[in-house]
Each structure stands twice: as C-alpha cells, then as structure tokens.
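Accompanying notes for the structure given below.
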Amino acid sequence: MNFQKAEFVTSFGRLSQMPPSDRIEIAFSGRSNVGKSSLINKIFGRKALARVSSVPGKTVTINFFKVENVHFVDLPGYGYAKVSKREKQKWGELIGGYLNDGERRLELVFQLIDSRHAPSREDVIMLNFLIDNEIPFVIVFTKADKLKPSKRAERMEAFAQEIPCFEDITSIVASIETGEGIDEIREIIEEIAEGEEITPLPPDANDKYYVSDDLFDDVDDGFEGGYLRPFNK
C-alpha cells in the first residue's frame, strides 16, 4: 500500500449525512489532545492530511480519508472538559452512532491512549464499549518519546493492571517524533486491507472485569462479561 497517496474524502457532522459504507474502514479513536491527527499524518507521511486543531475538543466531525480499497475514519476527540454539554452529547452521538452502525464495514479501531498517564475515565469507557460491542481494536500508546525509559517501563507495568485483558490485546507504543511503532501500525493496516482475519478471544475472557458506566453519560449501566477481538499476528 502506498500510504503517501492518502487523500481526504469528506467530513460529516451528522450521522444522517454519511453515505453507506462501500469499502473496508479502519477508524482512529482517542481523547482530545492524545495526538490522533499528528499520528495519522505520520502514518501517511503527510504534514497536513489530518488537521491538527489548536483548540482541543473543537473538531466535532467524522473525517474520511482513503488509500486504495480502504477508508480511514478519524473520529472526534472526546473527553475535553472545557466544552459545553451539547458538544459532549454530539461526541457521543457521532462516535457511538458510527461504532454501533452494523452496516458499516468497520474492520478495526486504533484506540489511542497517552502513554504518559493512566487511562482516563473516558478511555476505560471507550475500551469497554469496544469490548462489549465486539469491535476489533488495537491500542496505540502515543507520545512515547516524552517518557524516560524508567518511567516508560513503570507505565507499561501499570497499564497491565489498568486495562482489562491487557496481555491479550495487541498494543503498540508509538512516537511521531522518533517514528517508533509507525511501521507496526502500517503492517496491521496492510494485513487488514489484504483480508487478514481477526481471531476472537473466548467469550468469558473478561468476565472478572466490571465497569459501571456509560459512554459520555452519568448513568450506571455497566456490563460484566463480553469478549475482545484483538488483532493476533
């Protein structure tokens, strides 16, 4: 796949605006300011394919890019505190609505988490949303270059306790500054584009993990159980 031939397709601010899915889709999800747009630009070797917003939380659209037979979907950044309740509601409508659309050919989600910090409340909710809805995903830990080796090792040990079934989920440590992890992400994209199957974990893989929360809501409608479908090489 020639990643540098990526091109912007269009943006949608409402689910009703999106046409039916006509090809494989790979999505990128993460909190505002996690470095999602910068990572997308790095993967495709372009400086401004995905616009990097100077104000976190202000980009409330789903952006589509394409390379060959694949659409790449840049979901809105979530979790920025200094936005209105209506904007947070719109995040939930767009992100949840897109991920819940069973008619789309969504093959994989790259879920971004800042490697410097423990997963936020919204990160954990999103991970469990993906688990509960049986959506295949890979975790990408961003901004790895900003950690000293000792702190990085400490954080990775902590992630194993903070993220359910962590050892069974494919994760990549990445940096747009050093290029670490970029080739691994590209390899996964190419394998998905070529029809590589994703192997599911057993249905009881995370029965012992429980989260009581709901996506972008304060209602405690937690779940227990479900299964992950990580990318297994």
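Here the simple spin-label model places points 7 Å from the Cα toward Cβ, and for Glu157 and Ala48 these points are separated by 4.5 nm. Scalar couplings 3J(HN,Hα) for the stretch 60-76, obtained by applying the Karplus form with A = 6.51, B = -1.76, C = 1.60 to θ = phi - 60°, are 10, 9, 9, 9, 10, 10, 9, 9, 6, 9, 10, 9, 9, 10, 9, 7, x Hz; x denotes Gly and Pro. Using modelled amide H (1.01 Å from N, peptide plane; none on Pro or chain starts), what sits under 5 Å from the amide H of Ile24, excluding residues fewer than 5 places away? HN-HN under 5 Å from Ile24: His71. Considering all different alpha carbon pairs of the stretch 7-52, the Kirkwood hydrodynamic radius works out to 12.3 Å.
How far is it, in nm, from the label point at Ala118 to the one at Glu196 when both lie 7 Å from their Cα along the line to the Cβ? Distance between the two pseudo-spin positions: 3.3 nm. What the phi angles of the stretch 5-19 give under the Karplus curve with 6.51, -1.76 and 1.60, with θ = phi - 60°, is a coupling list of 8, 4, 9, 5, 9, 5, 10, 10, x, 9, 4, 5, 7, 6, x Hz, glycine and proline written as x.
Where a number appears in this text, it was derived from the coordinates with a stated rule and is not lab data. Quantities reported herein were computed from a predicted structural model and do not represent experimental measurements. Glycine gets a Cβ as well: all are built from the backbone with ideal geometry, and neighbour counts include every protein chain shown.
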